[in-house]
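Before any comments, here is the structure.
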Amino acid sequence: MKVILVGCGNMGFAMLKGWIESGRLAAADVAVVEPNADLRDRAAALGVATAGAAAELGDAAADIVVLAVKPQAMRAVLADWTRLGDGATMFLTVAAGTRIALYEDILGARTPVLRCMPNTPAAIGLGMMVTVGNAHVSAMQKQAAHALLSASGEVAEIADENLMDAVTAVSGSGPAYLFHFIEALTAAAKAVGLPGDIAAKLAMQTAYGAATLAARSADGPARLREQVTSPNGTTAAALGVLMGDGALEKLMTTAVIAARDRGVELGKG
């Protein structure tokens, strides 16, 4: 399978590194197009061919073109790849908020297009990638794309592109919510007298350990919470604040709706 990666910033490089190190792709089967010389050199160190512009690749073919560029640059970038549109090449894009219709409009209506919303933990192989494709993506192409994406974490699929704004609000933006939770727990720890370094370590490791346990356990989060909570104990006292009148759930729902609605606005803009 031949792959062209367009854009090798943080997300593009994380994906590239995952493909090569996991053995999903051989370096000889990947070409990277990246105008920034430093980023291009970083990619070249993994053994892949690199170019500063699409024209430098000539008429090179690809099974998949992976687009890892900023949404605002997408129109200009796509104009360089129309020669591979309306054919057997699938375009896999990780640009947020850019709908499939844009790719079809520029590349051709019969172009196989697969949108993907990743998140930042993909950089350490623990990401959450969600895809949605148009009717021209074959089962084999989808399988190949998911195999590549799985080098960076878990992969899920949705059938309705309109749900991508909800996906963005939950898993795309979600790491920031967890980071802020760690910040808040650290601040609370300091408020009850713990030294700053100890407070930060307790908050970080507790969040990491609890998330890892939840991911590995056969029990769901509700059951795990119940196992920690003794009647009338310290945990119950804290949960009375967080869960009283559904406080935390209501707050999280309001936050996710705000993120989802902003995604819809950006998509129209």
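The values are calculated or read from the model by the stated rules, or taken from the named source; none is laboratory data. Predicted, not measured: the structure shown is a model, and the values here were computed from it. Please note: Cβ atoms are built from the backbone with ideal geometry, for glycine as well, and neighbour counts cover all protein chains shown.
What to note about this one:
- Of the residues making up segment 1-17, at least one is part of a helix (DSSP H, G or I), in contact (Cβ under 8 Å) with a residue 40 or more places away in the chain, surrounded by fewer than 20 Cβ atoms within 10 Å (Cβ to Cβ) and under 23 Å from the mean Cα position of the chain (by Cα).
- Residue check for residue 111: touching a His at 6+ places or on another chain (Cβ under 8 Å) and either crowded, with 21+ Cβ neighbours inside 10 Å or assigned to a helix (DSSP H, G or I) (or both): yes
- Residues of segment 114-149 satisfying the condition of being out of contact with any Asp or Glu (no Cβ under 8 Å at 6 or more places or on another chain), part of a helix (DSSP H, G or I) and aliphatic (A, V, I, L, M): 122, 123, 124, 139, 140, 145, 147, 148, 149
- Scanning segment 221-269 for residues that are in contact with a Leu (Cβ under 8 Å, 6 or more places away or on another chain) and not in a helix (DSSP H, G or I) yields a count of 1.
- Output for segment 157-171, where each listed residue is surrounded by 13 or more Cβ atoms within 10 Å (Cβ to Cβ) and either within 11 Å of residue 256 (Cβ to Cβ) or among the aliphatic types (A, V, I, L, M) (or both): 158, 163, 164, 165, 166, 167, 168, 169, 170, 171
- Cβ-Cβ distances below 9 Å connect the following pairs, each with a first residue in segment 197-209 that is closer than 12 Å to residue 178 by Cα and surrounded by 12 or more Cβ atoms within 10 Å (Cβ to Cβ), a second residue that is at pLDDT 95 or above and of a type in the set (Asp, Glu), and a separation of six or more residues or different chains: 203/183.
- The residue of segment 31-50 that is nearest to residue 103 (Cα to Cα), among those that are in contact with a helix residue (DSSP H, G or I) (Cβ under 7 Å, 6 or more places away or on another chain) and part of a strand (DSSP E or B), is 33.
- Residue, nearest to the chain's Cα centre (by Cα), within segment 51-103, restricted to residues that are in a strand (DSSP E or B), touching a residue at least 40 places away in the same chain (Cβ under 8 Å) and within 16 Å of residue 29 (Cα to Cα): 66
- Total residues in segment 86-108 satisfying the condition of being of a type outside the set (D, E, K, R) and either exposed (fewer than 15 other Cβ atoms within 10 Å of the Cβ) or on the phi > 0 side of the Ramachandran plot (or both): the figure is 5.
- For the condition at pLDDT below 95 and either assigned by TED's automatic domain parsing to the domain that holds residue 147 or in a helix (DSSP H, G or I) (or both), residue 165 qualifies.
- Out of 133, 153, sole residue that is farther than 25 Å from residue 21 by Cα, assigned by TED's automatic domain parsing to the domain that holds residue 35 and touching a Leu at 6+ places or on another chain (Cβ under 6 Å): 133
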